[in-house]
Amino acid sequence: MFRPTRRAALLGSLATPFLARTTLAQSKEPIRIGTLTPLTGAGGSYGPAMVKAARAVADAINAAGGVNGRRIELQSEDDETNPDAGVRAARKLIDVGKVSAIIGTWASAVTTAVAPLCWESRTMLFTVSGADSITKLPHNGYIIRTQPNTELQSMRAAGYLADGGAKRVFALSAQTPFAVDSYNRLAAVLKERGAEAVGDVVYDATKTSFRSEVDQALRAKPDALFLNGYTPDVTVILRELYRAGFEGRKFTFGYAANAKMLESLPPEVTEGLISFSPSPDPGSPAYAAVKQALGTDTPDTYSCQVHDHVSLVALAVAKAGDASGAAIHDAVRTISQGGGAKVGSALDGLKALAAGQDINYEGASGPCDFTERGDIEGCKFRFEQVRAGKITLLSVS
């Protein structure tokens with residue numbers, strides 16, 4: 001017989017009713033989860049691995065008997081790194097696929113576009129997008145973000161640049177939902193550290209040349225450039241900076257400075273480029289599972305986060321005794337933060353929940369503790385540099 005714990009009783013509406021848990025065990029309907037990732041477009045180098053990581057954890061749960069006897073059914077759609085395509089795909093997942101959660105939206109513009117569809121239909125949205133504006137939307141708790149927001153990322157970027165001796169920083173930013181917020185936070189932190197943001201150009205990332213933007217940046221005489229864009233446009237900008245003879249520091253996001261970029265540019269063009277990205281937890285059992293699933297020793301942070309998205313959904317469903325988006329909404333924090341026993345995999349968490357224990361899931365991306373708005377509370381960052389055409393780790397902090 002199920003006996004609610006004192007903590008469950010205190011959670012009130014978030015507690016798991018015995019009747020609902022029994023109903024879940026008896027139901028054979030699959031738990032439907034939609035992956036909405038960039039299989040093509042600017043984020044296309046990340047989407048396939050994200051889907052593969054999500055499928056690996058779902059397959060592991062299904063092989064172990066599912067969630068209280070219910071299999072996880074993944075439905076995958078390509079958002080094309082494009083808001084319009086993302087909306088069409090989200091409608092298909094929600095209206096036709098009847099998913100209770102959508103996971104993995106990557107570009108902030110895509111997440112912003114599909115978010116209203118999710119909260120209006122009470123479909124949980126788990127995202128790896130960083131724009132501050134996303135969780136400021138009136139989502140009523142239907143957004144969970146495992147990626148650090150723009151404020152946190154820009155604060156760490158500015159601190160790293162200032163600590164490294166940069167005094168005059170200019171930002172070249174793709175026209176995205178996080179461009180303005182990134183620059184404002186960057187400027188504020190640089191000022192606090194005795195450095196200065198000397199200007200910002202926001203450009204159309206679909207252009208084939210950014211020479212006028214580069215010339216405008218160099219007229220400000222910066223000693224460091226913050227390249228706030230995606231792989232295709234940052235690739236072009238780096239080539240034009242090399243032709244212009246810029247010798248200062250070049251700094252960008254890890255999702256821009258990837259293997260695809262290095263393959264497309266001569267080593268001398270990318271030499272010295274510094275990148276940063278949220279760091280997964282290499283000591284986590286979930287991280288080891290992602291490594292095995294992807295066949296790599298260095299899985300990207302987005303694949304790790306999406307692995308955690310599936311795990312969080314499965315554990316929330318098990319806790320709630322219900323696979324609806326509303327039930328996941330109510331239960332997700334009860335299995336990911338608090339005083340429960342720490343678990344490093346969905347399988348361990350499911351076993352603990354079945355034994356009536358409270359749990360605190362910590363996954364491949366690290367602790368999954370979220371603010372009231374749905375933002376991740378904090379994480380470590382990984383700083384890397386391109387040397388002789390290869391990415392070299394500088395630090396994790």
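Could you grab me the full set of residues in the range 43-52 that are under 18 Å from G254 (Cα atoms) and either open to solvent by less than 30 Å² (accessible area, probe 1.4 Å) or part of a helix (DSSP H, G or I) (or both)?
G43, G44, Y46, G47, P48, A49, M50
If the Cβ limit is 6 Å and pairs must be 6+ apart or interchain, which residue in the range 123-135 that is of a type in the set (D, E, K, R) and in a helix (DSSP H, G or I) pairs with which residue that is surrounded by fewer than 24 Cβ atoms within 10 Å (Cβ to Cβ) and modelled with pLDDT under 95?
Hits for this filter: D132/E151; D132/D181.
If I ask for residues that are among the polar types (S, T, N, Q) and buried (at least 18 other Cβ atoms within 10 Å of the Cβ), which ones from the range 140-167 would you list?
T146, Q147, N149, T150, Q153, S154
In the range 297-306, is there at least one residue being in contact with a helix residue (DSSP H, G or I) (Cβ under 9 Å, 6 or more places away or on another chain), among the hydrophobic types (A, V, I, L, M, F, W, C) and crowded, with 24+ Cβ neighbours inside 10 Å?
yes
Test each condition in (1) over 18 Å from V128 (Cα atoms); (2) among the small types (G, A, S); (3) open to solvent by 10 Å² or more (accessible area, probe 1.4 Å) for A318 and report the one that comes out false.
Looking at each condition in turn, A318 falls short on (3).
Just the residues that are charged (D, E, K, R), open to solvent by 10 Å² or more (accessible area, probe 1.4 Å) and under 20 Å from R145 (Cα atoms), please, taken from the range 53-79.
R55, E77, D78
List the number of the failed condition for I359; all other conditions in (1) at pLDDT below 95; (2) buried (at least 21 other Cβ atoms within 10 Å of the Cβ) hold.
(1)
Go through the range 91-122 and give me each residue that's among the small types (G, A, S) and either touching a residue at least 60 places away in the same chain (Cβ under 8 Å) or open to solvent by less than 10 Å² (accessible area, probe 1.4 Å) (or both).
Residues satisfying the conditions are G97, S100, A101, G104, A107, S108, A109, A115, S121.
With a cut-off of at least 2 residues that are of a type in the set (K, R), name the strands (runs of 3 or more DSSP E) lying wholly within the range 205-319.
The qualifying strands (runs of 3 or more DSSP E) are 249-253.
The values are calculated or read from the model by the stated rules, or taken from the named source; none is laboratory data. Please read these numbers as outputs of a predicted model, since none were measured by experiment. Don't worry about glycine lacking a Cβ; one is built from the backbone with ideal geometry, like all the others, and counts go over all protein chains shown. When the accessible area is computed, the model is the full protein with side chains, heavy atoms only, and any ligands, DNA or RNA have been set aside. Shrake-Rupley method; radii C 1.70, N 1.55, O 1.52, S 1.80 Å.
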